[in-house]
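To start, the structure itself, in structure tokens.
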């Protein structure tokens, strides 16, 4: 009898401990680590924009350095949970701004209505945030960088308000959806055949007609499996470790993140298919497409085709030879070197 009582008490204590840890994880304070320096900046705040609150992280050694505003992809996939490990070099020469888009990550609010979510609403948020950031940091423009789906928003913002941006850089630039997805499909089929993975080949070949009809995408789990997403990093592990170890997100934020991805992708992916970004053919600011050679999340070949159609006062297509969808992370030193040089050339014009 005594043994049963002791067992019950131990179990009860264990349950209380687990519940306590979970509750602590839900309410644990979040912040971004301090950067040493008298003029440094390292903030993580909610900013009111267009009737909602967006989570904004600003980091840099000197707040007077030129501003880079990053637009994350997904849709819904904030990079705040893990991006610090890849931007330490950039923070030396730039003030780096990341934000969770409306309905994404820490900008997802449980009782907010997201039925009107759209790319155009994201564009308006981005322009309003740009105005806020430049006013707060007393600068005229920002360098706008979109990644993956963030290039869809970024291109639209650059078209709508070119005066707000020193230049536009699209990393993993989206282009014609069908061309990009067919490139991805062909690549994954070829890689699966080389690996003698007949089940994957069968699954992929069955998708061709639905991809041509713009009903489906090449399964991202298979693009990742065969090296079309990342070559030199593991982006999924980055998220897991970021969620667990970094201070910018707590358990409640992880729940927000998961919920935000589901809502954002359900609404925004079909919208992107219906309104192809390649309808934008002219931009009134410098334009750079930055692609990894092995990118089959957003096909490098499709991005190059789109690049050739764009008219801009200055443009360049930059390919990183060892990367896939994340050249800014996979080859971060080379990317930082390129970005520093590109900025010097822009300022020197």
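Kindly indicate the residue of the stretch 89-102 that is in contact with a strand residue (DSSP E or B) (Cβ under 9 Å, 6 or more places away or on another chain) and part of a loop (DSSP other than H, G, I, E, B) and also surrounded by the most Cβ atoms within 10 Å (Cβ to Cβ) among those meeting that condition.
Filtering first and then ranking leaves 101.
Considering every residue within the stretch 132-144, establish whether at least one is under 20 Å from residue 75 (Cα atoms), in contact with a helix residue (DSSP H, G or I) (Cβ under 6 Å, 6 or more places away or on another chain) and touching a residue at least 60 places away in the same chain (Cβ under 8 Å).
The answer is yes; a qualifying residue exists.
For residues in the stretch 293-313 being under 19 Å from the mean Cα position of the chain (by Cα) and part of a loop (DSSP other than H, G, I, E, B), which is surrounded by the fewest Cβ atoms within 10 Å (Cβ to Cβ)?
293
If a residue must be assigned to a loop (DSSP other than H, G, I, E, B), touching a residue at least 40 places away in the same chain (Cβ under 8 Å) and either touching a helix residue (DSSP H, G or I) at 6+ places or on another chain (Cβ under 8 Å) or surrounded by 22 or more Cβ atoms within 10 Å (Cβ to Cβ) (or both), how many such residues does the stretch 54-82 contain?
12
Looking only at the stretch 269-291, count every residue that is within 13 Å of residue 316 (Cβ to Cβ) and outside any loop (DSSP other than H, G, I, E, B) and tell me the total.
Number satisfying all stated conditions: 5.
Within the stretch 176-213, which residues are within 25 Å of residue 267 (Cβ to Cβ) and assigned to a loop (DSSP other than H, G, I, E, B)?
Listed by number, the residues that qualify are 176, 207, 213.
Quickly run through the stretch 202-224 and pick out the residues that are crowded, with 18+ Cβ neighbours inside 10 Å and either more than 22 Å from the chain's Cα centre (by Cα) or at pLDDT below 95 (or both).
204, 207, 211, 217 - these are the residues of the stretch 202-224 that are crowded, with 18+ Cβ neighbours inside 10 Å and either more than 22 Å from the chain's Cα centre (by Cα) or at pLDDT below 95 (or both).
Quick one: how many residues across the stretch 125-146 are over 18 Å from residue 285 (Cα atoms) and buried (at least 18 other Cβ atoms within 10 Å of the Cβ)?
Residues that pass the stated criteria total 4.
Output the number of residues of the stretch 214-249 satisfying the condition of being in contact (Cβ under 8 Å) with a residue 40 or more places away in the chain and either part of a helix (DSSP H, G or I) or under 18 Å from residue 77 (Cβ atoms) (or both).
17
The values are calculated or read from the model by the stated rules, or taken from the named source; none is laboratory data. None of the values given here were measured: they were computed from a predicted structure. Counting neighbours? That spans all protein chains shown, and the Cβs are built from the backbone with ideal geometry, glycine included.
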